Amino acid sequence: MTTSELMASSRSVAGENRNRFWVRMWLYCILVILFALVLVGGATRLTDSGLSITEWKPIHGVIPPLNAAEWAEEFDKYRQIPEYQQINRGMSLDEFKTIFWWEWAHRILARGVGFVFALPLAFFWLTGRLESGLKPKLLGILALGGLQGAIGWWMVVSGLAERVSVSQYRLAVHLTIACLIFTATMAVARDLAPHSSGAAEKNTRRFAGWLVFAVLVQIYLGGLVAGLDAGLTYNTWPLMDGALVPGGLFAQTPAWINIFENPKMVQFIHRIGAYVILALALWHAIATWRAEPGSTHARRATLQVVLVVLQAAIGIVTLIMVVPIGWALLHQGMALVVLGFATAHWRATKGPAPLPAA
């Protein structure tokens with residue numbers, strides 16, 4: 001290769017690294033917004049605000065009520081649904097405004113993250129700053145975001161006619177899809193980041209991936225707990241209803257329905273899920289230290305154990321204190337931290353992604 005060809009190749013590599021840097025910064029901004037969106041969604045649930053807006057207006061809904069007449073109209077729509085008639089009858093307009101603003105903020109953030117994702121994506125694509133392998137991944141995330149908007153309304157609809165709250169099934173799906181979007185975005189961002197070491201051994205990579213899956217399942221279970229308000233009962237630890245394995249776990253028939261609709265069983269499974277994830281994280285850390293002692297992969301696996309222990313402690317405090325909103329949001333936020341770190345760790349075990357120029 002001639003000197004001029006070497007210089008051209010060097011410039012090409014530098015340009016690809018520069019493009020990766022800016023795409024990565026954009027994706028990190030998306031992650032911050034997604035984190036805020038999930039927390040606001042949690043606050044919306046904890047304040048029972050999710051049914052305060054009874055219509056889905058993707059464009060017009062951006063503008064909140066601007067005068068007394070519009071507020072009266074919005075409040076009148078809310079008064080037609082079972083939640084108001086059976087639980088909040090007699091609520092004042094000012095009280096309604098409080099729950100309205102939580103739901104409005106959640107929806108405006110959801111719309112906002114769509115624009116913040118789509119517009120830079122178009123810019124990077126049209127200006128040739130995206131590697132070909134990134135394009136289907138980013139389009140997939142964008143499509144998943146659009147699906148999530150539809151799932152959000154599907155969830156809200158479940159509480160507008162016969163129920164006084166949204167379906168726990170749909171709430172758990174809505175939360176899990178949000179976390180899937182977060183996971184996918186983190187994986188792509190980490191793929192573009194510099195790596196301090198090469199790929200880990202095959203078993204390490206595989207186990208790191210299963211940990212990501214386990215955390216997602218645990219978050220789904222947490223969605224069921226939230227949907228059933230199961231955290232407001234059996235507020236002791238380590239015993240639950242006076243026993244390590246409480247009675248009444250199969251009080252409903254058929255037996256399988258207890259997993260989704262029996263608050264005691266749902267909370268118990270969520271507790272067991274926490275123990276399982278802690279055990280998996282410990283096993284992964286020990287196995288990684290044995291296979292690759294002193295490596296960055298082993299150090300990350302150790303930090304992952306610390307994060308899981310911290311999350312478990314926050315969950316216990318949240319339960320014992322009967323789910324105060326601050327602790328509940330901390331628990332939800334920490335779940336995202338654990339998920340994000342597990343995803344980044346899993347992607348790092350695969351080693352750096354080669355540059356197209358290489």
Practice prompt. Sort ARG205, ARG190 so the one with the fewest other Cβ atoms within 10 Å of its own Cβ comes first.
Written response: ARG205, ARG190
Response to the item:
In Å, the C-alpha Rg and Dmax of the range 95-147 are 15.4, 51
Worksheet item: Under a point-charge model restricted to the Cβ atoms of Lys and Arg (+1) and Asp and Glu (-1), what is the dipole moment magnitude of the range 197-358 relative to its Cα centre, in debye to the nearest 20?
Response: 600 debye
Worksheet, complete the sentence: Cα-based Rg/(2.2 N^0.38 Å) for the range 1-194, rounded to two decimals, is 1.33
Discussion item. Taking a ≥ b ≥ c as the square roots of the Cα gyration tensor eigenvalues, with a/c under 1.5 meaning rounded and otherwise prolate when a/b beats b/c, else oblate, which class fits the range 75-181?
Written reply: prolate
Worksheet entry | Mean separation of Cα contacts under 8 Å, 6 or more apart, over the residue count of the chain: relative contact order % | 23 percent
Discussion item. Could you give the length gained by full extension between TYR169 and ALA150, i.e. 0.36 nm per residue of separation minus their alpha carbon distance, to one decimal place?
Written reply: 5.3 nm
Worksheet item: Given R₀ = 30 Å, FRET efficiency for GLN80-VAL337 by Cβ-Cβ distance, to 0.05?
Response: 0.15
Fill in: Fewest-first sequence of ASP48, ASP191 by Cβ atoms within 10 Å of each Cβ
ASP48, ASP191
Worksheet entry | Spin-label pair ALA14/MET91, simplified geometry with 7 Å Cα→Cβ offset, distance in nm | 6.0 nm
Worksheet item: Straight-line reach from LYS135: which lysines have Cα under 28 Å away, leaving out those fewer than 8 places along the same chain?
Response: LYS202, LYS350
Item to complete: Using the Karplus curve 6.51 cos²θ - 1.76 cosθ + 1.60 with θ = phi - 60°, work out ³J(HN,Hα) for each residue of the range 107-112 in order, rounded to whole Hz, and write x for Gly and Pro.
Response: 5, 5, 5, 4, 5, x
Response to the item:
Here FRET efficiency (C-beta to C-beta, THR98 to LEU142, R₀ 30 Å, nearest 0.05) is 0.35
Worksheet item: For the peptides 93-106, 258-271, what is the packing order when you average, over each peptide's residues, the other Cβ atoms within 10 Å and list the highest mean first?
Response: 258-271, 93-106
Worksheet item: With the contact rule set at Cα under 8 Å and sequence spacing of 6 or more, what percent relative contact order holds for the range 139-244?
Response: 32 percent
Fill in: Bins of 5 Å from zero: percent of alpha-carbon pairs in the range 115-239
2, 9, 13, 16, 15, 14, 12, 9, 6, 3, 1, 0
Item to complete: Going by C-beta contacts inside 10 Å, put SER52, SER167 in order with the fewest on the left.
Response: SER167, SER52
Discussion item. Run the numbers for LYS135 and SER196: contour at 0.36 nm per residue of separation, minus the present Cα-Cα distance, in nm.
Written reply: 19.4 nm
Worksheet item: Evaluated at 20 °C with a viscosity of 1.002 mPa s, what Stokes-Einstein diffusion coefficient in µm²/s does the chain have when Rh comes from the Kirkwood expression over alpha-carbon pairs?
Response: 95 µm²/s
Fill in: Zone residues, the range 133-161, relative to ARG111, backbone N less than 20 Å from point 7 Å out along Cα-to-Cβ
142-157
Discussion item. What is the ratio of the Cα radius of gyration of the range 197-358 to 2.2 N^0.38 Å, with N the residue count, to two decimals?
Written reply: 1.19
Discussion item. Take ASP48 and ALA279, extend 7 Å from each Cα along the Cα→Cβ direction, and tell me the distance between the two endpoints in nm.
Written reply: 3.8 nm
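We did not get these values from a lab; they are worked out from the coordinates using the rules stated. Just so it is clear, the structure is predicted and the values come from calculations on it, not from any experiment. We place every Cβ from the backbone using ideal geometry, glycine too, and count neighbours over all the protein chains shown.
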